Amino acid sequence: MTDERTLSLSEGRKILNLEADAIARMAGRLDDSFAEAVDILLACKGKIIISGMGKSGIIGQKIAATLSSTGTTAIFLHPAEAAHGDLGVVSKNDVVICLSKSGMTEELNFIIPALRQLETTIIAFTGNSRSYLARNANVVLDTGVDQEACPYDLAPTTSTTAMLAMGDALAMCLMRKKNFTDLEFALTHPKGSLGRQLTMKVEDLMAREEALPLVQEDAPVADLILEMTSKRYGVSGIVDREGRLTGIFTDGDLRRLVQQGKDFLDKTAKEVMTANPKTVSADLLAKNCLEILETYRITQLLVCDHDNRPVGLVHIHDLVSLGL
């Protein structure tokens, strides 16, 4: 390893340790103000609004997103835009979380008097307890750091990490107090893996109507094979005259018939089918359907209604492709 790479690794570890230590020290300073902030947010009857300028504003956007995705609806309000009309989104019952390392951010402090006049509750994230922001906040959470990771102690690095961690701590405490469940989390993350596992049902992905391979019990085997191959699922359901499922025939069944060397083309679907096949309901969670397929080592399942009439077909490839 070159000297330059060794130096980069050493510097990287130094910065990570510096930021980790800052969070550890902040955790040691945590007091009743944090518990009070949690109670205020939990009791909020209006909106939770996050505001900050520059890098603090970007952290504020992430905190708002984390709160919203874990059961506490929050929005971000840009302080400069707030001073030019967007302050209209704020009302009396709202809680505003203001982020500023120095507590002296001009754009943020410019709207403080208006927030006070609107009788909103202000929670401050700042490292300066004597600042204008801190003096006008209802609750102050100390996010101060000894130094930035920046070699000139200028670029917001350690301080924004501390703010981010404080926001995460608030969000997770609120999540627990609200008994926010994994299913509720999934509903706010429908595109994610957990969301798909907890919300996607068989009916959302099954083949149906004309794509569903079905034949009558008295259909010739030739028609059965044609139906099975033309629908490209390697399977066909067999139904009685009332449309109720009585059996199934797969490409594996066809191979076995061929290997046995028996004459089967003059038979009917009922004579070659496997009776009483496993089925699932349309409202079954897709992840549970996948578990059934894997347990019995099969690749497809017919979906039936409460009268045992086929309404769909689900294939293991459709489930796997969703990342379940």
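The values are calculated or read from the model by the stated rules, or taken from the named source; none is laboratory data. Please read these numbers as outputs of a predicted model, since none were measured by experiment. Glycine gets a Cβ as well: all are built from the backbone with ideal geometry, and neighbour counts include every protein chain shown.
Here are a few things to note about the model shown:
- Residue within the stretch 223-236 that is crowded, with 20+ Cβ neighbours inside 10 Å, under 40 Å from the mean Cα position of the chain (by Cα), among the aliphatic types (A, V, I, L, M) and not in a helix (DSSP H, G or I) present: yes
- Residue selected from the stretch 135-158 under the condition of a type in the set (S, T, N, Q), in contact with a Ser or Thr (Cβ under 7 Å, 6 or more places away or on another chain) and modelled with pLDDT of 95 or more, by the criterion nearest to I122 (Cα to Cα): N138
- If you check E107, E148 for being part of a helix (DSSP H, G or I) and surrounded by 15 or more Cβ atoms within 10 Å (Cβ to Cβ), only one passes: E107.
- Filtering E36, E11 for residues that are of a type in the set (D, E) and either on the phi > 0 side of the Ramachandran plot or surrounded by 13 or more Cβ atoms within 10 Å (Cβ to Cβ) (or both) leaves a single hit, E36.
- Residue in the stretch 120-139 that is under 27 Å from T72 (Cα atoms) and among the charged types (D, E, K, R) present: yes
- Considering only residues in the stretch 2-44 that are hydroxyl-bearing (S, T, Y) and part of a helix (DSSP H, G or I), the one that is modelled with the lowest pLDDT turns out to be T6.
- Selection status of A74, more than 29 Å from Q147 (Cβ to Cβ), buried (at least 20 other Cβ atoms within 10 Å of the Cβ) and free of Cβ contacts under 8 Å to residues at least 60 places away in the same chain: yes
For (1) over 31 Å from the mean Cα position of the chain (by Cα); (2) closer than 28 Å to I15 by Cβ, each residue gets a yes or a no:
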{"position": "V95", "(1), (2)": "no, no"}
{"position": "L99", "(1), (2)": "no, yes"}
{"position": "M104", "(1), (2)": "yes, yes"}
{"position": "L108", "(1), (2)": "yes, yes"}
{"position": "I123", "(1), (2)": "no, no"}
{"position": "S131", "(1), (2)": "yes, yes"}
{"position": "D142", "(1), (2)": "no, yes"}
{"position": "E148", "(1), (2)": "yes, yes"}
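- Residue within the stretch 94-111 that is farther than 22 Å from T143 by Cα and either at pLDDT below 95 or among the β-branched types (V, I, T) (or both) present: no
- When the stretch 259-278 is limited to residues that are surrounded by fewer than 17 Cβ atoms within 10 Å (Cβ to Cβ) and outside any loop (DSSP other than H, G, I, E, B), the one that is farthest from the chain's Cα centre (by Cα) turns out to be Q260.
- Here L118 meets each of (1) surrounded by fewer than 17 Cβ atoms within 10 Å (Cβ to Cβ); (2) modelled with pLDDT of 95 or more; (3) hydrophobic (A, V, I, L, M, F, W, C) with one exception, condition (2).
- Selection count, the stretch 45-65, where residues are buried (at least 21 other Cβ atoms within 10 Å of the Cβ), of a type in the set (A, V, I, L, M, F, W, C) and assigned to a helix (DSSP H, G or I): 3
- Yes/no for L301 being touching a Lys or Arg at 6+ places or on another chain (Cβ under 8 Å) and either among the hydrophobic types (A, V, I, L, M, F, W, C) or surrounded by 13 or more Cβ atoms within 10 Å (Cβ to Cβ) (or both): yes
- For the stretch 279-324, taking the residues that are farther than 17 Å from A211 by Cβ and among the basic types (K, R), the one that is farthest from the chain's Cα centre (by Cα) is identified as R297.
- In the stretch 90-104, of all residues being within 11 Å of Y132 (Cβ to Cβ) and of a type outside the set (G, A, S), the one that is surrounded by the fewest Cβ atoms within 10 Å (Cβ to Cβ) corresponds to M104.
- Listed by first and then second residue, the pairs with beta-carbon distance under 7 Å, at least 6 apart or on different chains, first residue in the stretch 246-265 and over 30 Å from D307 (Cα atoms), second not aliphatic (A, V, I, L, M), are L257/F264.
- Annotation: C304 fulfils all but one of (1) farther than 15 Å from K201 by Cβ; (2) at pLDDT 90 or above; the unmet one is (1).
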